[in-house]
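K.L.:
My questions will all concern the structure given below.
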Amino acid sequence: MESEAERSPLGVFTCQLCALTAPYSYVGQKPPDTHSVILLEESYVMKDPFTSDKDRFLVLGSKCSLCSRLVCVGPECSLFYSKRFCLPCVQENMDAFPQEIRQDLEKRKAPSKRPASRPGSRT
Ligand SMILES: [Zn+2]
Ligand SMILES: [Zn+2]
């Protein structure tokens with residue numbers, strides 16, 4: 001039972017955009033008990049609570065590379081484009097992202113935000 005202590009959460013991850021909270025058990029790029037898994041970014045990780053499989057883990061989120069805000073990996077909060085960016089930073093620096101990312105974001109956005117203009121068709 002002593003090993004249980006090692007696995008207790010380090011703390012609680014809180015997304016600063018959507019206020020998602022979850023206990024995390026590891027921060028970094030190489031979660032323990034996983035073989036040859038190296039994450040592309042330093043992430044807050046928890047064991048997958050839905051499986052007893054040791055290798056399974058969930059990435060909760062990580063720091064925005066621009067503003068250092070902690071954000072979850074949810075599509076409304078951040079995106080990963082070689083680094084993690086929170087959506088507010090993406091919006092501010094939209095020009096720096098390629099077309100496909102912008103289009104992807106357009107899709108994610110709630111359609112209620114814009115008035116009835118048709119983004120797909122240009123005149
Ligand atoms: Zn979030
Ligand atoms: Zn940011």
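K.L.:
Could you tell me whether LEU17 is assigned to a loop (DSSP other than H, G, I, E, B), touching a strand residue (DSSP E or B) at 6+ places or on another chain (Cβ under 7 Å), crowded, with 16+ Cβ neighbours inside 10 Å and modelled with pLDDT of 95 or more?
P.N.:
yes
K.L.:
Which numbered condition in (1) within 16 Å of ligand 2 (Cβ to nearest atom); (2) surrounded by 13 or more Cβ atoms within 10 Å (Cβ to Cβ) is the only one that SER68 fails?
P.N.:
Failed condition: (2).
K.L.:
Please work out which residue is nearest to the chain's Cα centre (by Cα), limiting yourself to segment 72-99 and to residues that are within 17 Å of GLN16 (Cβ to Cβ) and away from ligand 2 (no atom under 13 Å from the Cβ).
P.N.:
Within segment 72-99, the match that is nearest to the chain's Cα centre (by Cα) is VAL73.
K.L.:
Now a separate question. Quick test of your reading of the structure: PRO31 fulfils all but one of (1) within 16 Å of ligand 1 (Cβ to nearest atom); (2) in a loop (DSSP other than H, G, I, E, B); (3) surrounded by 18 or more Cβ atoms within 10 Å (Cβ to Cβ). Name the failing condition by number.
P.N.:
Result: PRO31 passes all but (1).
K.L.:
Hey, could you check segment 29-47 for residues that are among the polar types (S, T, N, Q) and modelled with pLDDT of 85 or more and say which is farthest from LEU10 (Cα to Cα)?
P.N.:
Among residues in segment 29-47 that are among the polar types (S, T, N, Q) and modelled with pLDDT of 85 or more, the one farthest from LEU10 (Cα to Cα) is GLN29.
K.L.:
In this structure, is TYR44 among the hydroxyl-bearing types (Ser, Thr, Tyr), surrounded by 13 or more Cβ atoms within 10 Å (Cβ to Cβ), closer than 21 Å to GLY74 by Cβ and more than 16 Å from ligand 1 (Cβ to nearest atom)?
P.N.:
Taking the combined requirement at face value, the residue does not satisfy it.
K.L.:
For segment 54-72, give me each residue that is of a type outside the set (Ser, Thr, Tyr), within 12 Å of ligand 1 (Cβ to nearest atom) and within 17 Å of LYS30 (Cα to Cα).
P.N.:
Residues satisfying the conditions are LEU60, GLY61.
K.L.:
Find all pairs meeting these conditions: Cβ atoms under 7 angstrom apart; at least six residues apart or on different chains; first residue within segment 87-107 and within 20 Å of SER68 (Cα to Cα) and in a helix (DSSP H, G or I); second residue among the polar types (S, T, N, Q) and at pLDDT 95 or above.
P.N.:
Cβ pairs passing all conditions: LEU87/SER78.
The values are calculated or read from the model by the stated rules, or taken from the named source; none is laboratory data. Here the structure is a predicted model, which means the values were calculated and not measured. Neighbour counts are summed over all protein chains in view; Cβ atoms, including those assigned to glycine, are modelled from backbone coordinates with ideal geometry.
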